[in-house]
Structures are given as structure tokens and as C-alpha cells.
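Below is one structure, written out as C-alpha cells, with a few remarks after it.
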Amino acid sequence: MREPVRVLVVDDDPLVRAALAMVLGGAEDLELVGQATDGDEVPAAVERCSPDVVLMDIRMPRTDGLTATEQLLAGSGAPEVIVLTTFDADEQVLRALRAGASGFLVKDTPPAAIVEAVRRVAAGEPMLSPTVTRQLIAHVAAVEPAPPGDARTRGARARLDQLSEREREVALAVGRGLSNAQIGAELYLSVATVKAHVSRLLVKLDLANRVQIALLTHDADLV
């Protein structure tokens, strides 16, 4: 039998923590292994509980979820992080994704969708649809001026130029939100081969997960 996915919940609101505990407790393949009330409690909680996935609130009074996510994912062997927000277009969400978070959930997401999101992230699958990614990037662009001369676009394209033609095709497919099976069907590759390509992309581009590959292709304005 497969071990349940171990989940740590980090949120300063006791009602949110209680609600998430109920949601996670209703899924046999998920296990709530710990709770924390602020970002400064995350390192000790992760060491104590060894979670596979952390559900991380963005806004907390002492150490915010963005800082906690950046600190956590800077280390080796870190768990996957899903950021929690009350908004679906929060510029801080995109910053967390750039730091290596695997996706985000709005707090009023239906329970079944929260469970499915945790399962997908634990399995290494992408969480963000192309539409959601574009919404986030458009929101950030509206509040943060583009770098002079579109430096971010040029930099992203230069990084993608390191790739072989096939690796580039896989990267763009990830950027469009396709699963491994969908990429395989589109490019006539086995799922195992797609997984191998994605693993090489992460190493070659020095990225943490598929969401960062997707963000890089969006930065390059190629999807």
C-alpha cells in the first residue's frame, strides 16, 4: 500500500486551519502531520513533521508566507509548497511561484479540489492552467513596470536557447499546462520519455519544478 501524502498546514487563522484539517482528514491517501500559525514556525515544523506538501498562507503577522516559502525552498530536500490566498490575482502569489512554490489555491476552493491539488503536486504534476498563469502575469505587469528593454523576456529566451529542439518543445508544452500524458500524445513520446525530458529541463535551466518552467516560457512570451 502506498504511504499517504504528508501535509503541513501553515495559517494564522484557526478557522482556516480547522477547515483544512477537516478536508484533509476526509481523504484516506492524505495525512495532516502538523500545523503552524506563522511563517517563522515553518523550519521547525518541517523538521519535526517531514511533510511532503506544505499548504502555506501568504499573509501572516510575523513572517509572511512568501518569505517562509523562499527560505524553505532555498534548502535541499524541501517539500512541495502550495500557497494559500484570499485573492486569485495576487502579485505575491507569482513571486512565491518564482521562488519555487508548486501552485496556489484560493481559500474558498471546494474541498474536493483542494484534495486533488495536493495529490497532483505530491505526484509532481502541474497545478496552474495557462489561463491562471496568464492572469497572474498580467496582474503583476499592471502593478510592476516591465524591465527596460524587456530584459526579462530577453533573459528568458536566452535560457531557452540552451535547449535542444525536443527539450524546447517539451518546455513550451509544459508552459501550455499540458500533463505528461498529453505532451507524450502531442509529441509522439512515451510518458517515461517526457518525464526524463522534464527532469533534464529542471537541471539544465536550474529550476525547481514544472511551474517555474511554465513561468519561464511565459516570460519569454512564447506561449
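The values are calculated or read from the model by the stated rules, or taken from the named source; none is laboratory data. Predicted model only: the values in this text are computed from it and were never measured. Cβ: placed from backbone, ideal geometry, glycine included. Neighbour counts: every protein chain shown. Ligands, DNA and RNA are excluded from the accessible area calculation, which covers all protein heavy atoms including side chains. Shrake-Rupley method; radii C 1.70, N 1.55, O 1.52, S 1.80 Å.
Considering LEU55, LEU66, the condition of being within 15 Å of ALA122 (Cβ to Cβ), buried (at least 18 other Cβ atoms within 10 Å of the Cβ), under 17 Å from the mean Cα position of the chain (by Cα) and aliphatic (A, V, I, L, M) is satisfied by LEU55 alone. Taking the criterion of being more than 16 Å from GLY103 (Cβ to Cβ) and not in a helix (DSSP H, G or I), the residues of the stretch 177-215 that qualify are TYR188, LEU189, SER190, ASP206. Scanning the stretch 175-190 for residues that are surrounded by fewer than 15 Cβ atoms within 10 Å (Cβ to Cβ) and touching a Leu at 6+ places or on another chain (Cβ under 8 Å) gives a single hit, GLU186. Contact map, the stretch 66-79: residues that are within 15 Å of GLU47 (Cβ to Cβ) paired with residues that are polar (S, T, N, Q), Cβ distance under 9 Å, separation 6+ or inter-chain. Pairs shown: GLN71/THR63; PRO79/SER50.
Rundown of residues vs (1) modelled with pLDDT under 95; (2) basic (Lys, Arg), yes/no style:
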{"residue": "GLY26", "(1), (2)": "yes, no"}
{"residue": "LEU32", "(1), (2)": "no, no"}
{"residue": "GLU41", "(1), (2)": "no, no"}
{"residue": "ARG59", "(1), (2)": "yes, yes"}
{"residue": "LEU66", "(1), (2)": "yes, no"}
{"residue": "THR69", "(1), (2)": "yes, no"}
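Filter the stretch 24-52 down to the residues that are in contact (Cβ under 8 Å) with a residue 60 or more places away in the chain, open to solvent by 30 Å² or more (accessible area, probe 1.4 Å) and in a helix (DSSP H, G or I) and list them by number. Within the stretch 24-52, no residue meets the criteria.
Only one of the listed residues (ALA117, ALA89, ALA112, ALA96) is at pLDDT below 85 and either part of a helix (DSSP H, G or I) or open to solvent by 40 Å² or more (accessible area, probe 1.4 Å) (or both). That residue is ALA96. Scanning the stretch 191-223 for residues that are buried (at least 19 other Cβ atoms within 10 Å of the Cβ) and β-branched (Val, Ile, Thr), we see that the one that is farthest from the chain's Cα centre (by Cα) is VAL194.
With respect to the conditions (1) of a type in the set (Val, Ile, Thr); (2) under 30 Å from ALA27 (Cβ atoms); (3) at pLDDT below 85, VAL140 lacks only one, and its number is (2).
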